[in-house]
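Student: Following this message is one structure expressed as structure tokens.
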Amino acid sequence: MKLASLKNGRDGKLVVVSSDLAWYAGADMIAPTLQAALDNWDAVEADLRNLATDLDHEVIPRERFHERFAAAPLPRAYQWADGSAYVNHVALVRQARGAELPDSFWHDPLMYQGGSDGFLGPRDPIPLADESWGCDLEGEVVVVTGDVPLGASREEALAAIRLVGLTNDVSLRNLIPGELAKGFGFFQSKPASAFSPVFATPDSLGDWWKDGKLQRKLMVDVNGQPFGRADAGVDMTFDFGTLVAHAAKTRKLGAGTIIGSGTVSNRGEDGGPGKPVSEGGVGYSCLAEIRTIETIRGGAPVTPFLKKGDTVRIWAEDDKHHPIFGVIEQTVGG
């Protein structure tokens, strides 16, 4: 089952989307918003699934689904926490600035709590007031949970995952060092994130959802050129069950909590830094990573951060090269 929110007020209008993303049927008679559905999941899930089946079988009225009219599936959420499950990415960034990677990073996930009072839709422009802030994309996988009890085990956390999708977790890289130096974490350096047009239930992904990981390539294009083709199921040190359980260690999580994977990142074939797509590698899911590798190899970064007018495209494909969650396609400052 695939769910989306059409732009309508602050919280959107819940719709069920066909498996091929071509059609939708309004679900507001079951739940007016996705948050309302998540709050009452046990009561409404069966009705939503029946609606999705009827839509796929073309036995109910339907309308064309246009991704440009979609908001983020959760236009705002009670909680958005982003992990850093791909430790390869963390290791590279720290190496570039000459910082040692603590051993704890391999068994204790990093996680920060981001702003969730308003997200960008999949076609919304990326606001950027000042290019000197170092605007970067971050292609990630996300999950949305139901209620998760305090101290949940990994297995309980996995069972609480209701939906899977993608995000462009925008970062302002040049603001990060100053904020981290204060010892209190990110704030201004993490503006609003954008999300894929649809989120899908884990069971609808079949073998593409296994061991708490999305077993697909994350496709990233920048200005129309292939930039990233990293496999989200490879080199993921912490699966989503582990990430959700980590978030619930000292607090219960409310229905509608979004947990991110952090930037998807693969090692190179030799175990070292990966190569750009243009050189036969799988590329990268953020600009910081290629800039890091350029620094390691040549002493300074060459690839610039995003400028106004640049375009970013993020998606994941099925076996027929069709987008699974739709496409995040944004213009900077557009």
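The values are calculated or read from the model by the stated rules, or taken from the named source; none is laboratory data. These numbers come from a predicted model, not from an experiment. All Cβ positions, glycine included, derive from the backbone under ideal geometry; neighbour counts span all protein chains shown. The accessibility values were calculated without ligands, DNA or RNA, using every heavy atom of the protein model including side chains. Shrake-Rupley method; radii C 1.70, N 1.55, O 1.52, S 1.80 Å.
Student: Identify the residue in region 117-160 that is part of a strand (DSSP E or B) and open to solvent by 10 Å² or more (accessible area, probe 1.4 Å) and, among all such residues, is farthest from Tyr86 (Cα to Cα).
Tutor: Leu120
Student: On to the next question. Can you tell me which residue within region 175-227, out of those that are touching a residue at least 60 places away in the same chain (Cβ under 8 Å) and among the small types (Gly, Ala, Ser), is surrounded by the most Cβ atoms within 10 Å (Cβ to Cβ)?
Tutor: Among them, the one singled out is Ser196.
Student: Within region 260-269, identify whether any single residue is more than 24 Å from Pro323 (Cβ to Cβ), open to solvent by 20 Å² or more (accessible area, probe 1.4 Å) and touching a strand residue (DSSP E or B) at 6+ places or on another chain (Cβ under 9 Å), and answer yes or no.
Tutor: No, every residue in region 260-269 fails to be more than 24 Å from Pro323 (Cβ to Cβ), open to solvent by 20 Å² or more (accessible area, probe 1.4 Å) and touching a strand residue (DSSP E or B) at 6+ places or on another chain (Cβ under 9 Å).
Student: I want to confirm something. Restricting to region 45-66 and keeping residues that are closer than 25 Å to Arg10 by Cα and touching a Leu at 6+ places or on another chain (Cβ under 8 Å), which single residue is surrounded by the most Cβ atoms within 10 Å (Cβ to Cβ)?
Tutor: Phe65
Student: Here is a follow-up. Is there any pair linking a residue in region 65-79 that is closer than 13 Å to Glu329 by Cα and part of a strand (DSSP E or B) to one that is open to solvent by 20 Å² or more (accessible area, probe 1.4 Å) and of a type in the set (A, V, I, L, M), with Cβ under 7 Å and at least six apart or on different chains, and which?
Tutor: Here the result reads Ala70/Leu6, each pair linking region 65-79 to a residue that is open to solvent by 20 Å² or more (accessible area, probe 1.4 Å) and of a type in the set (A, V, I, L, M).
Student: Please go through (1) closer than 30 Å to Ala200 by Cβ; (2) among the hydrophobic types (A, V, I, L, M, F, W, C); (3) touching a Gly at 6+ places or on another chain (Cβ under 6 Å) for Ile324 and return the number of the only condition it doesn't satisfy.
Tutor: With (1) closer than 30 Å to Ala200 by Cβ; (2) among the hydrophobic types (A, V, I, L, M, F, W, C); (3) touching a Gly at 6+ places or on another chain (Cβ under 6 Å) applied to Ile324, the lone miss is (3).
Student: Hey, can you tell me all the residues within region 2-28 that are in contact with a Phe, Trp or Tyr (Cβ under 8 Å, 6 or more places away or on another chain), of a type in the set (Lys, Arg) and part of a loop (DSSP other than H, G, I, E, B)?
Tutor: Correct list: Lys7 only.
Student: Do you know which residues across region 305-317 are in contact with a helix residue (DSSP H, G or I) (Cβ under 8 Å, 6 or more places away or on another chain) and open to solvent by 10 Å² or more (accessible area, probe 1.4 Å)?
Tutor: Phe305, Lys307, Lys308
Student: Please name all residue pairs, on different chains or six or more residues apart, with Cβ atoms under 9 Å, provided the first residue is in region 284-301 and is without any contact (Cβ under 8 Å) to a residue 12 or more places away in the chain and the second residue is among the polar types (S, T, N, Q) and surrounded by fewer than 17 Cβ atoms within 10 Å (Cβ to Cβ).
Tutor: Pairs found: Glu294/Thr303.
Student: Among the residues in region 232-240, are any without any contact (Cβ under 8 Å) to a residue 60 or more places away in the chain and either closer than 30 Å to Pro301 by Cα or touching a strand residue (DSSP E or B) at 6+ places or on another chain (Cβ under 6 Å) (or both)?
Tutor: First pass over region 232-240, keeping only residues without any contact (Cβ under 8 Å) to a residue 60 or more places away in the chain: 233-234.
So of that shortlist, the ones also either closer than 30 Å to Pro301 by Cα or touching a strand residue (DSSP E or B) at 6+ places or on another chain (Cβ under 6 Å) (or both) come out as 233-234.
For region 232-240, residues without any contact (Cβ under 8 Å) to a residue 60 or more places away in the chain and either closer than 30 Å to Pro301 by Cα or touching a strand residue (DSSP E or B) at 6+ places or on another chain (Cβ under 6 Å) (or both): present.
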